[in-house]
Amino acid sequence: MPLVTSKEMFKKAYEGGYAIGAFNVNNMEIIQGITEAAKEVNAPLILQVSAGARKYANHTYLMKLVEAAIIETGLPICLHLDHGDSFELCKSCIDGGFTSVMIDGSHHSFEDNIALTAKVVEYAHAKGVTVEGELGRLAGIEDAVNVSEEDASYTKPSQVQEFVEKTGVDSLAIAIGTSHGAYKFKPGQKPQLRFDILQEVEERLPGFPIVLHGASSVIPEYVDLINKYGGAMPDAIGIPEDMLRKAASMAVCKINIDSDLRLAMTAAIREHFAQEPSHFDPRQYLKPGREYIKTLVKHKIVNVLGCDNKA
């Protein structure tokens, strides 16, 4: 089975009231953990790569690792560029075999965002590739994305219809209270998603797939392990999973998960070295990291996204 686009995935997800997991990848063990989990619960997958991950792992290596995952699992897998910030980067990924790209023009004016997004859509659609755009800005830090709380802004529902019509995007990332990274909220601040904004967007764009970025839940089990074995993350707070499940039952068809993967891998490795300090073979500590990733992804697919048995 070749790589697929997100188009049919999102159509089924919208109609079925569930979301597809978009998991960030940058090495073999993370890809293996994610795809092995998805195979066991028969779930469709979006594997996404940031510009930083592409630079770190090399485009060719990532493509071959994803091709290997398709051979091993037989699952429908979409390979997506996460937070592309230029036409040139999106073009490079499209030409290099990605089946979906995100052009993030949210840091531009509304008019310039439309112009940039439309340019990417024109090129991508001619190649059979789907495009995700973004309206609104999420706070937080993750790879090249760095938006202060002061510069963050909720999506304006009044703009979404014009944006989609003028750009031709296939899906739209909106800002309703999620944020990038593990430190999403100040200590004592209660996480809250703006379901009123999501509801209005859904009414203005009936049947159109919506995307949530910055949606890791910062699972306490992994944070506790990191803190136990020398970390310092007492203030890490994520998005409650019941809120994400509610969003998935509405118009949200794609939920991005990155920080939780990083936390799971780091927790496993720190725990391993605390128990086996003399180990120096990378296979010895990357193997439990892969298993923690697998456990996390199965949990997300079954209990949060609801896309198990939907491949």
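The values are calculated or read from the model by the stated rules, or taken from the named source; none is laboratory data. None of these values were measured; they are calculated from a predicted model. Ligands, DNA and RNA are excluded from the accessible area calculation, which covers all protein heavy atoms including side chains. Shrake-Rupley method; radii C 1.70, N 1.55, O 1.52, S 1.80 Å.
Quickly estimate the mean residue ellipticity at 222 nm for the chain, helices only: each DSSP H run with n ≥ 4 gives -39500 (n - 2.57), and the total goes over all residues, rounded to 500.
So the calculated ellipticity at 222 nm is -14500 deg cm²/dmol.
Rounded, prolate or oblate for the range 1-95? Axes are the square roots of the Cα gyration tensor eigenvalues, ordered a ≥ b ≥ c, and the cut-off for rounded is a/c under 1.5.
Note, shape of the range 1-95 comes out oblate.
Helix 7-16: angle to the longest alpha-carbon principal axis of the chain, degrees 0 to 90, nearest 10?
Between the helix axis and the principal axis of the chain, the angle is about 90 degrees.
Under 18 Å between alpha carbons, and skipping anything fewer than 8 positions from residue 39 in its own chain: which aspartates and glutamates qualify?
Candidates past the 8-residue exclusion: 29, 67, 72, 291, 308.
Heavy-atom accessible area of residue 310 with all protein chains present, probe 1.4 Å, nearest 10 Å²?
For residue 310, the solvent-accessible surface is approximately 80 Å².
If you bin the C-alpha pair distances of the chain every 10 Å from 0, what whole percents do you get?
6, 28, 38, 22, 5, 1
Express the accessible area of the chain per residue in Å², computed with a 1.4 Å probe while the remaining protein chains stay in the model.
Heavy-atom accessible area per residue stands at 43 Å².
In degrees between 0 and 90, to the nearest 10, how far off the longest principal axis of the chain does helix 110-126 point, with axes built from Cα atoms?
Taking the Cα atoms of the chain, the angle to 110-126 is about 80 degrees.
Please calculate the 1.4 Å probe accessible area of residue 127, with all protein chains present, and give it to the nearest 10 Å².
Its accessible surface works out to 120 Å², give or take rounding.
For the chain, find the longest principal axis of its Cα atoms and tell me its angle to the long axis of helix 282-299, 0 to 90°, nearest 10.
For helix 282-299, the angle is close to 50 degrees.
Take 107, 59, 213, 299 and sort them by solvent-accessible surface of the protein heavy atoms, 1.4 Å probe, largest at the top.
From most accessible down to least: 107, 299, 59, 213.
Find how many whole Å separate the alpha carbon centroid of the range 37-76 from the alpha carbon centroid of the range 238-311.
15 Å
Accessible surface of residue 29 in the full protein assembly, 1.4 angstrom probe, to the nearest 10 Å²?
Counting only protein heavy atoms, residue 29 exposes about 30 Å² to solvent.
If the reach is capped at under 13 angstrom between alpha carbons, list the aspartates and glutamates near residue 190, excluding any in the same chain fewer than eight residues apart.
Output for residue 190: 235.
From largest accessible area down, sort 221, 15; use a 1.4 Å probe on the protein chains.
Highest to lowest solvent-accessible surface, that is 15, 221.
Using the structure shown, list the pairs from 64/298; 156/310; 7/254; 127/310 with a Cα-Cα distance above 21 Å, or answer none.
In this structure, 64/298; 156/310; 127/310 exceed 21 Å between Cα atoms.
Quick check: at a probe of 1.4 Å, how many percent of the accessible area of the range 45-137 sits on carbon and sulfur atoms?
C and S fraction of accessible area: 54 percent.
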